[in-house]
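Peer 1: If you scroll down you'll find the structure; I have some questions about it.
The values are calculated or read from the model by the stated rules, or taken from the named source; none is laboratory data. A quick note: this is a predicted structure, and the numbers were derived from the prediction, not measured. Cβ: placed from backbone, ideal geometry, glycine included. Neighbour counts: every protein chain shown. Calculation scope for accessible area: heavy atoms of the full protein, side chains included, ligands and nucleic acids excluded. Shrake-Rupley method; radii C 1.70, N 1.55, O 1.52, S 1.80 Å.
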Amino acid sequence: MEVIIQPTAEAAVKLTARVLGDALRRNPEMVFGLATGATMESVYAELVRMHREEKLDFANAKTFNLDEYIGLPPEDKNSYRYYMDNHLFNHINIKKANTHLPDGMTNDIAGEGARYEAAIKAVGGIDLQLLGIGQDGHIGFNEPLSSLNSRTRDKSLTPLTLEQNGIYFDPPESMPRRAFTMGVGTILDARRIVMLVTGERKAQIIARAVEGPVSSMVTASAIQFHTNAVVILDEAAAGCLQGRDYYNWSFNNEPCWEPYR
Ligand code: F6R
């Protein structure tokens, strides 16, 4: 794993978007795993800008989102389908048929996970998975105690997640209590992982995920098992990390990061 600390959230977002954009330029048929949430809004705004101003071409890209609320139709403004259309897909030249989220309205809740896994497999797997981290340490909606081998399935959400995301719902209690999420094992199958974490409120949990023991209590810690993972942070989110000097040295000296310094 590599850790890159940028001076500001804006710089961390720009670096993240650039890593995604460069990957797409190298391989126009990229399969992206995508995340939603407040942190990612500015990443998608930057990708939209790159599409408009730098001709970043999504014509042959495919996407699979990490998660979707159970019981919200695509037109509900709190569904992740709505979020993705609104923040990204409606503003770039991706084919809608190539954008995938779990079906939050399915009648086959038990079968949806396997269907989604098969769809990912059918395109050859995910090339680059974008991740955020929840305040309870989740990736996707893999709440504490999710198996580190888990696959896509329905999951009940923790009180902390209901508090974190309930602010988007009116009233907050109307937030669904369950969601589909890729499993930790599904996420670890991606060929590359890019995690973006910004803001002081994430400083403690990201330090546990990156430097603490691997534990299903902090499912983000499972990315320590991944052989091609980078965590991009702003100064505020990096506040509790102990190995900062080494991470900074590494970013400033590793040849692969030279174009990004
Ligand atoms: C959403 C997802 C979640 C978020 C996490 C952080 O698709 O995968 O794990 O990345 O909850 O959300 P924000 O950015 O809103 O703090």
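Peer 1: Identify all residues within region 133-155 that are within 15 Å of the ligand (Cβ to nearest atom) and open to solvent by 60 Å² or more (accessible area, probe 1.4 Å); write none if there are none.
Peer 2: Once the filter is applied, which keeps residues that are within 15 Å of the ligand (Cβ to nearest atom) and open to solvent by 60 Å² or more (accessible area, probe 1.4 Å), region 133-155 yields only 135.
Peer 1: Mind listing whichever residues of region 10-37 are of a type outside the set (A, V, I, L, M, F, W, C) and either open to solvent by less than 10 Å² (accessible area, probe 1.4 Å) or closer than 27 Å to residue 165 by Cα (or both)?
Peer 2: 10, 14, 16, 21, 33, 36, 37
Peer 1: Is at least one residue of region 123-132 within 16 Å of the ligand (Cβ to nearest atom), in contact with a His (Cβ under 8 Å, 6 or more places away or on another chain) and polar (S, T, N, Q)?
Peer 2: No, region 123-132 contains no residue that is within 16 Å of the ligand (Cβ to nearest atom), in contact with a His (Cβ under 8 Å, 6 or more places away or on another chain) and polar (S, T, N, Q).
Peer 1: Scanning region 156-190 for residues that are away from the ligand (no atom under 14 Å from the Cβ) and under 25 Å from residue 232 (Cα atoms), which turns out least open to solvent (accessible area, probe 1.4 Å)?
Peer 2: Taking the candidates together, the pick is 185.
Peer 1: Within region 195-222, work out how many residues are within 28 Å of residue 119 (Cβ to Cβ), touching a strand residue (DSSP E or B) at 6+ places or on another chain (Cβ under 7 Å) and away from the ligand (no atom under 12 Å from the Cβ).
Peer 2: 1
Peer 1: Right, another one. Take region 233-261 and flag every residue that is basic (Lys, Arg) and in a helix (DSSP H, G or I).
Peer 2: 244
Peer 1: Which residue is nearest to residue 125 (Cα to Cα), if the candidates are limited to region 73-85 and must be surrounded by fewer than 21 Cβ atoms within 10 Å (Cβ to Cβ) and touching a helix residue (DSSP H, G or I) at 6+ places or on another chain (Cβ under 9 Å)?
Peer 2: Restricting to residues being surrounded by fewer than 21 Cβ atoms within 10 Å (Cβ to Cβ) and touching a helix residue (DSSP H, G or I) at 6+ places or on another chain (Cβ under 9 Å), the top hit is 85.
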